Amino acid sequence: MYELADKFAEYLSSEKGYSANTVESYLGDLTQFVTFVLEKSSDYEISATVQGDDVLTETVGVRDIRSWI
């Protein structure tokens, strides 16, 4: 997940031209979401799959994001 976050940060800064503060804010939100999923992974309402301390991004669903928001 961290490798994807690094690539996302690079994309936001180089391709989209976002400021360092904006990229930092996006990554902060992403970190909060991952923490939420890791803490709630045993709940039936979360469909995302966790392996160790990593979230399989392809298993994250709209319901997971709505639960976090």
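For the chain, the alpha-carbon coordinates run over 39, 22, 16 Å along the three principal axes, in decreasing order. Counting protein heavy atoms only, the chain has 49 percent of its accessible area on carbon and sulfur, 1.4 angstrom probe. Taken per residue, the accessible surface of the chain reaches 75 Å², heavy atoms only and a 1.4 Å probe. With respect to the chain, whose longest principal axis is taken over its alpha-carbon atoms, helix 20-40 is tilted by about 10°. A helix-only calculation puts the chain at -17000 deg cm²/dmol for mean residue ellipticity at 222 nm, using -39500 (n - 2.57) for each DSSP H run of at least four residues, averaged over all residues.
Using a Gaussian network model of the chain whose springs link C-alpha atoms within less than 10 Å, name the residue from Glu24, Glu15, Glu39 with the highest mean-square fluctuation. Of Glu24, Glu15, Glu39, the most mobile in the Gaussian network model is Glu15. Spatial offset of the range 39-69 relative to the range 2-28 amounts to 22 Å, using the alpha carbon center of each.
The values are calculated or read from the model by the stated rules, or taken from the named source; none is laboratory data. Source: prediction; values computed, not measured. Note: areas computed on protein heavy atoms with side chains; ligands, DNA, RNA excluded. Shrake-Rupley method; radii C 1.70, N 1.55, O 1.52, S 1.80 Å.
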